[in-house]
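The values are calculated or read from the model by the stated rules, or taken from the named source; none is laboratory data. Every value quoted in this text rests on a predicted model; they were computed, and no experiment measured them. Neighbour counts run over all protein chains shown; Cβ positions are idealised from the backbone, glycine included.
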């Protein structure tokens, strides 16, 4: 039997379309307009073509921020994903321990991002902070405000503390969704716990892991608040990531043209990653290979 | 001050967005005239016509960025390469 489609439902999308037009499309068009002009004030602007793009794309400071951003995102992925799987495997599966550990793990996710930065800023201080003081007592020369390596480690550890629980929760739900019959079959075959992980749990986790990896990649690629509060991008430029580089140019120096050009470039990368994200998830859901 | 002054319009950007809008309307008309069929070409995923249009546009943006970032040649060459890319994706993607 032929199924009929009623396209009038599309009319209901119009309000959303109007809201998105005002909140996203018109500002985006404005940014594109800014990115090709040198703007001194209302009515005083000059068309400069692709000049800002050329300047931005060849700016060594931007290359630095971009490479730092990639390095940061890959580092936290390399830590958070295996750690998240390990913790999810170690969590209790029944009894009161389940709720207790899940609530404890979810706590960092509930803390506002600027508070996370503040917590770690104080925690890592060598004079009054618990963590920093402990390291100092142990004889470690640690100062995140002066040493770039220390600043990096602090930002990475902070992100791991803040976001590994997300990976854990996703993996835990994925693990709970595996039917007991798989484990029984493995037991009958005398499979080792590594074999169970490799051939049952890991394949079943592919879907949630894809979501975890892509969410964490996107979020870390946009990270702004926590490093801004913790290190302010310093020492020097050691922890200046892309969004902070942009904010410094647009708000700090009021260079609207270059900041707009950079925003467009940043936007295109985010669009690319979002599209890859979406395509990958759709492929997994439809089971296409 | 003109109401649209805050958006700081220029003719090149206005033409650019009119071009995008015209292309979207054209895609809509094409879809109404002959609905798309999902198929698989040289791209590693099966795509609809709209998917290929999006991939073409996004690819064109990165072609332009690469061109501006690497060479000092005119941007028009990048546009030519992009049109070629767009045509290839739409036809064989």
Helices (runs of 4 or more DSSP H) (entirely within region A:211-289) containing at least 3 residues that are without any contact (Cβ under 8 Å) to a residue 12 or more places away in the chain: A:256-286
Any pair with Cβ under 7 angstrom, 6 or more apart, that starts in region A:138-154 at a residue that is farther than 24 Å from residue A:80 by Cβ and ends at one that is at pLDDT 80 or above and outside any loop (DSSP other than H, G, I, E, B): A:143/A:150
Residue A:28 vs. criteria within 12 Å of chain B (Cβ to nearest Cβ), outside any loop (DSSP other than H, G, I, E, B) and either touching a residue at least 40 places away in the same chain (Cβ under 8 Å) or out of contact with any helix residue (DSSP H, G or I) (no Cβ under 9 Å at 6 or more places or on another chain) (or both): yes
Residue A:202 vs. criteria in contact with a helix residue (DSSP H, G or I) (Cβ under 9 Å, 6 or more places away or on another chain), within 14 Å of chain B (Cβ to nearest Cβ) and surrounded by fewer than 16 Cβ atoms within 10 Å (Cβ to Cβ): no
Selection within region A:247-262 - more than 11 Å from every other protein chain (Cβ to nearest Cβ) and either farther than 26 Å from residue A:74 by Cβ or surrounded by fewer than 20 Cβ atoms within 10 Å (Cβ to Cβ) (or both): A:247, A:248, A:250, A:251, A:252, A:253, A:254, A:255, A:258, A:259
Wholly enclosed helices (runs of 4 or more DSSP H) of region A:89-151 bearing at least 3 residues under 26 Å from the mean Cα position of the chain (by Cα) and farther than 30 Å from residue A:196 by Cβ: A:113-123
Tally of residues being more than 10 Å from chain B (Cβ to nearest Cβ) and either surrounded by 15 or more Cβ atoms within 10 Å (Cβ to Cβ) or more than 24 Å from residue A:72 (Cβ to Cβ) (or both) across region A:274-288: 4
